1. Within the set of pairs 6+ apart or on separate chains, which have a first residue in segment 8-22 that is more than 15 Å from Glu36 (Cα to Cα), a second that is charged (D, E, K, R), and C-beta atoms under 6 Å apart?
2. Of all residues in segment 11-51, which are of a type in the set (S, T, N, Q) and under 16 Å from Trp64 (Cβ atoms)?
3. One residue is enough: does segment 64-71 have a residue meeting the conditions closer than 16 Å to Gln8 by Cα and either of a type outside the set (A, V, I, L, M, F, W, C) or under 10 Å from the mean Cα position of the chain (by Cα) (or both)?
4. Residues of segment 15-32 being of a type in the set (Gly, Ala, Ser) and touching a helix residue (DSSP H, G or I) at 6+ places or on another chain (Cβ under 9 Å), which ones?
5. Consider Thr27 against the criteria (1) surrounded by 14 or more Cβ atoms within 10 Å (Cβ to Cβ); (2) over 11 Å from the mean Cα position of the chain (by Cα); (3) modelled with pLDDT under 90: it satisfies all of them except one. Which criterion is unmet?
6. Could you identify the single residue in Leu10, Leu68, Leu5, Leu58 that is among the aliphatic types (A, V, I, L, M), part of a helix (DSSP H, G or I) and at pLDDT below 90?
7. Here is a list of conditions, (1) over 18 Å from Gln8 (Cα atoms); (2) free of Cβ contacts under 8 Å to residues at least 24 places away in the same chain; (3) not hydroxyl-bearing (Ser, Thr, Tyr), and His57 meets all of them except one; can you say which number that is?
Amino acid sequence: MTTKLQTQGLGEFARMGFILEARNDHTAELYHEGEEIATFSQLGATEESMQKECTDHLIKYHHWDGCLWEKGK
């Protein structure tokens with residue numbers, strides 16, 4: 001289940017299957033389709049840095065074109 005905090009930090013990427021989970025008091029892990037994508041310091045993570053990791057992953061591994069909605073809808 002995606003929490004409000006995850007949605008705020010990940011923005012539209014939360015809708016695209018990205019999940020942010022706290023590992024401990026100091027780090028959080030970013031997952032997509034069950035695969036760990038990145039680990040962040042909870043003190044230094046920003047919305048921008050998390051969303052950049054989402055973008056980079058989608059482009060590199062899923063050939064994403066940058067559109068946040070399905071074309072033709």
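1. Final answer for the pair search is Gly9/Glu47.
2. Gln51
3. no
4. Ala28
5. The failed condition is (3).
6. None of the others qualify; the one that does is Leu5.
7. Against the list (1) over 18 Å from Gln8 (Cα atoms); (2) free of Cβ contacts under 8 Å to residues at least 24 places away in the same chain; (3) not hydroxyl-bearing (Ser, Thr, Tyr), His57 comes up short only on (2).
The values are calculated or read from the model by the stated rules, or taken from the named source; none is laboratory data. In this text, all values refer to a predicted model and were calculated from it rather than measured experimentally. Glycine also receives a Cβ, built like all others from the backbone with ideal geometry; neighbour counts cover every protein chain displayed.
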